[in-house]
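A short worksheet on the structure shown next.
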Amino acid sequence: MAVTPASDAFIAPEINSFGQSFRDYNAESERQKSVEEFYRLNHINQTYDFVKKMREEYSKLNRVEMSIWECCELLNEVVDDSDPDLDEPQIEHLLQTAEAVRKDYPNEDWLHLTALIHDLGKVLLLPKFGGLPQWEVVGDTHPLGCAFDEAIVHHKYFKENPDHNNSSYNSKYGIYSHGCGLENVMMSWGHDDYMYLVAKENGSTLPQAGLFIIRYHSFYPLHKSGAYEHLMNKEDEENLKWLQIFNKYDLYSKSKVRIDVEKVKPYYLSLIDKYFPEKLIW
């Protein structure tokens, strides 16, 4: 499925809205300090057993019934503490990303919708979804059940994670085998896995590449550094191509350019109707 972007394609800027390089986790600022503290908690507490428990709990989908657009509006209440590039309500980022993708890939409507909904799982931060702490919801994701690769940001904090010294989990493959497929790998719990679960269980007709983007868009050790490629199968390799296209927009379309929500809303409502039921269980 080779697709060429529009001729006036989106060009990634060099700096974020704070005047610093994107995903610069070493820049000195108060926000950077809070980001590092976030990753300290995340890396210490996200264990294989913890993730297994969270997956079981949230797979019940017994909290809320609402539409995709209602969830988009709910996300206005969320700010992601793990993101060094963004301090605006999430719906702004969703629409910035979706509109940038739409401009460059006008015929891939599934990719426009995927861009809109990729972060909806961040509603886990809100009380009606359990009011989870930030370290259980946002930030980069990584596999559990095998060694923590050094490509993971703030890797040093894994020394305090119980799995770090568990001989079943601390080798290159751990409990997995070569080419086992990412669908068989336990990823750290967060908004990616939750939104994937919601989409899949509610019968979304998004193509597999769209579901892959939702589930692994925060898996930066893989799509930025090439870590854990030994766990991928052929289908993962094909889907990763789309994730890497998407990632440019997800990361770099965070800007101060405001989106006219009411103007673009009818288009995205039509896509939601095409790929999702009217109401979903969350």
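Odds and ends about this structure:
- Subset of region 59-94 that is among the polar types (S, T, N, Q) and at pLDDT 95 or above - its residue that is most open to solvent (accessible area, probe 1.4 Å): ASN62
- The helices (runs of 4 or more DSSP H) located wholly in region 204-265 that include 2 or more residues which are farther than 15 Å from LEU113 by Cβ and in contact (Cβ under 8 Å) with a residue 60 or more places away in the chain occupy 220-223, 234-252.
- Residue match in region 160-168 (condition: crowded, with 22+ Cβ neighbours inside 10 Å and in contact with a His (Cβ under 9 Å, 6 or more places away or on another chain)): no
- Selected residue [of a type outside the set (Phe, Trp, Tyr), farther than 20 Å from TYR220 by Cα and more than 18 Å from the chain's Cα centre (by Cα)] from GLU70, GLU150, GLU92: GLU70
- Residue, nearest to ASP109 (Cα to Cα), within region 175-192, restricted to residues that are open to solvent by 10 Å² or more (accessible area, probe 1.4 Å) and in a helix (DSSP H, G or I): GLU183
- Residue-level analysis places ASP49 outside the set of residues that are modelled with pLDDT under 90 and either touching a Lys or Arg at 6+ places or on another chain (Cβ under 7 Å) or assigned to a helix (DSSP H, G or I) (or both).
- If you go through region 103-121 and pick out every residue that is open to solvent by 10 Å² or more (accessible area, probe 1.4 Å), assigned to a helix (DSSP H, G or I) and farther than 17 Å from ASN247 by Cβ, you end up with 1.
The values are calculated or read from the model by the stated rules, or taken from the named source; none is laboratory data. The structure presented is a predicted model; accordingly, all values stated were derived computationally and were not measured. Note: ideal-geometry Cβ built from the backbone for every residue, glycine included; neighbour counts use all protein chains shown. Side chains included, ligands, DNA and RNA excluded: accessible areas come from the protein's heavy atoms. Shrake-Rupley method; radii C 1.70, N 1.55, O 1.52, S 1.80 Å.
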